[in-house]
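> A single structure is presented below for examination.
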Amino acid sequence: MTRNSLFDVIIIGSGIGGLVTATQLAAKRAKVLVLESYLIPGGSAGYFEREGYHFDVGASMIFGMGQNGTTNLLTRALHAVNVSVETIADPVQIHYHLPNGLDLKVDRVYEKYLQNLTAYFPHETKGIRRFYDECWKVFNCLNSMDLLSLEEPRYLLRTFLKHPLACLGLVKYLPQNAGDIARRYIKDPELLRFIDMECYCWSVVPANMTPMINAGMVFSDRHYGGVNYPKGGVGKIAQALATGLEKTGGKIQYQARVKRILTERGKAVGVELVNGQIYRGKRIVSNATRWDTFEKLLPVEEMPRNEKKWQQVYQKSPSFFSLHMGVKQSVLPPGTECHHILLEDWQDMTKPQGTIFVSIPTLLDPDLAPAEYHIIHAFTPDWIENWQGLTEQEYEKRKEAAAWRIIDRLEQIFPGLDAGIDYLEVGTPRTHRRFLGREDGTYGPIPRRKLRGLLSMPFNRTAIPGLYCVGDSTFPGQGLNAVAFSGFACAHRIAVDLGL
Ligand SMILES: Cc1cc2nc3c(=O)[nH]c(=O)nc-3n(C[C@H](O)[C@H](O)[C@H](O)COP(=O)(O)OP(=O)(O)OC[C@H]3O[C@@H](n4cnc5c(N)ncnc54)[C@H](O)[C@@H]3O)c2cc1C
């Protein structure tokens, strides 16, 4: 590439948000360049391999890979560039192991799930059904229309004329949080705590701070398109998108860390890599977090006023402390499900190292580990502050102590785990920051206080002309299918802006 190659669109980062934007635009014949600082695509949806184990870096409970409707955005993104990924249906979304003996499976079949839950709360049978049925209303609205840029007036008008009732339905739910709706129908405090956990386990905030639009998606799609695991590991999604991008004429460059976004007369016009290479583009998209974008890639002292305001409303969520384990098959009792959530005391739900998330993808795809071994990926929210200012020795000691605390707790559901460990790799928020290129290793933005649903989440355009953001710091937030939504919307807005 020459020093001054001009691209239609330059995308900083090949997370799923960046890749969906890139592939959508390449499919519209835009000249696209993706610059990724790491060795492989995917970001938090990437993978790594050690001693015969193929580990997912982060995400492993995958929505949006169903075959029907319009909310299966990962499937649709792959198809747009003529690639696909084989998936394995997960019969149970989560097996919860919660305080006071609440031991519950979220079955793929909606009625079976409601039966499981009402068995614990028979006096709330009606309330449970009314709450989850209301989630379906949100989902059905979303699932009846093409999900594109809410910043594009002609699309909004077209969609409104085609689906007036669905649009009005969504407008009604946009400023609402799941907890408010749950409290309308449900009174039992223990059940409300459970609804908090249902939200917390993907939004990392309790139900009263979780937007109803996101809750409607998750609580319904798990029974509609379902949770489906990509054969060969979650990394296959990003790899397939990158292949599709190149087949469609786009370019992706690895080990290409962007140092800064170049502006001229206040407009974004290009990027400079750490090695001094400069690329110019008509439009620049950042798939980095908003903190990385506006505090590192651009001069922090020139941060636009609306970004400062956004930071007053949203804060960085914690990162994670994580264990990637290879274990003997004998550790897993017969009938073990792929995803688990473990918490012993409700008071600890949102505390660092409180809730433990577990994923055992080898139960769905045994090829990810050597024969007769499984992968257990266990992680728990944690703050970077807990891991800073330590000597190397103190850091290692703290890591080891925290790892054994988690393993001890997991022994409750996997007796013999300690003795059955064949491989163990421990990651802290510092690991997440380093390998995922995310400020403080954050999982993404969370509201500082209770907000009006999703109303204050920014869309893709920014206050800097020519610069767009995509990924989990934009509407509608975290999760692979959510960032795919953001990617579709970003590409759509740019395509209109470029007249493609
Ligand atoms: C432990 C964990 C578990 C999770 N579990 C699930 C789950 O089960 N299901 C689910 O749906 N979601 C899950 N998520 C969330 C999901 O993975 C993320 O929301 C999503 O992958 C974020 O995608 P993104 O495109 O916004 O950005 P990222 O994945 O963060 O990708 C951004 C990319 O940009 C690159 N980059 C950053 N800065 C630069 C730069 N300056 N120059 C060049 N490249 C740069 C990074 O290297 C990275 O590849 C999980 C996340 C974690 C961490």
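The values are calculated or read from the model by the stated rules, or taken from the named source; none is laboratory data. Remember, it's a predicted structure, so these values are computed and weren't measured experimentally. Note that each Cβ is placed from the backbone with ideal geometry, even for glycine, and that neighbours are counted across all protein chains shown.
> So which residues in the stretch 473-483 are β-branched (V, I, T) and either assigned to a helix (DSSP H, G or I) or away from the ligand (no atom under 12 Å from the Cβ) (or both), if there are any at all?
V483
> Follow-up question, since we're still on this one. With the condition kept exactly as written, say whether any residue in the stretch 240-256 is touching a helix residue (DSSP H, G or I) at 6+ places or on another chain (Cβ under 6 Å), within 13 Å of the ligand (Cβ to nearest atom) and in contact (Cβ under 8 Å) with a residue 40 or more places away in the chain.
Yes: the stretch 240-256 contains one or more residues that are touching a helix residue (DSSP H, G or I) at 6+ places or on another chain (Cβ under 6 Å), within 13 Å of the ligand (Cβ to nearest atom) and in contact (Cβ under 8 Å) with a residue 40 or more places away in the chain.
> Follow-up. Looking only at strands (runs of 3 or more DSSP E) that fall completely inside the stretch 7-72, which ones have 3 or more residues that are within 15 Å of the ligand (Cβ to nearest atom) and either surrounded by fewer than 24 Cβ atoms within 10 Å (Cβ to Cβ) or not assigned by TED's automatic domain parsing to the domain that holds I341 (or both)?
Values: elements: 32-35, 47-50, 53-56.
Result: 32-35.
> Give, as residue ranges, the strands (runs of 3 or more DSSP E) completely inside the stretch 284-342 that count at least 2 residues that are closer than 26 Å to A22 by Cβ, among the hydrophobic types (A, V, I, L, M, F, W, C) and within 16 Å of the ligand (Cβ to nearest atom). Before you say what the answer is, go through the steps one by one.
Working: elements: 314-316, 319-328, 339-342.
Those strands (runs of 3 or more DSSP E) do not exist here; none qualify.
> Which of the helices (runs of 4 or more DSSP H) contained wholly in the stretch 131-205 include at least 2 residues that are modelled with pLDDT under 95 and buried (at least 17 other Cβ atoms within 10 Å of the Cβ)? Break it down stepwise before answering.
Numbers: elements: 153-162, 164-173, 178-185, 189-203.
Passing ranges, in order: 153-162, 164-173, 189-203.
> Which residue, of R257, R193, is among the basic types (K, R) and farther than 17 Å from G15 by Cβ?
Values: R257 fails: farther than 17 Å from G15 by Cβ.
Answer to the check: R193.
> Across the stretch 449-472, what is the number of residues that are at pLDDT below 95 and within 14 Å of the ligand (Cβ to nearest atom)?
Total meeting the criteria: 2.
> In this structure, does E392 turn out to be of a type in the set (D, E) and more than 13 Å from the ligand (Cβ to nearest atom)? Show your work before the answer.
Values: of a type in the set (D, E): yes; more than 13 Å from the ligand (Cβ to nearest atom): yes.
Yes, satisfied.
> Looking at D107, D90, D103, D133 in this structure, which one is without any contact (Cβ under 8 Å) to a residue 12 or more places away in the chain and within 17 Å of R222 (Cβ to Cβ)? Lay out the reasoning, then the answer.
On the way: D107 fails: without any contact (Cβ under 8 Å) to a residue 12 or more places away in the chain; D90 fails: without any contact (Cβ under 8 Å) to a residue 12 or more places away in the chain; D103 fails: within 17 Å of R222 (Cβ to Cβ).
After ruling out the rest, the residue left standing is D133.
> Kindly establish whether T362 is β-branched (V, I, T) and assigned to a helix (DSSP H, G or I).
Details: β-branched (V, I, T): yes; assigned to a helix (DSSP H, G or I): yes.
When the stated conditions are applied, T362 passes them.
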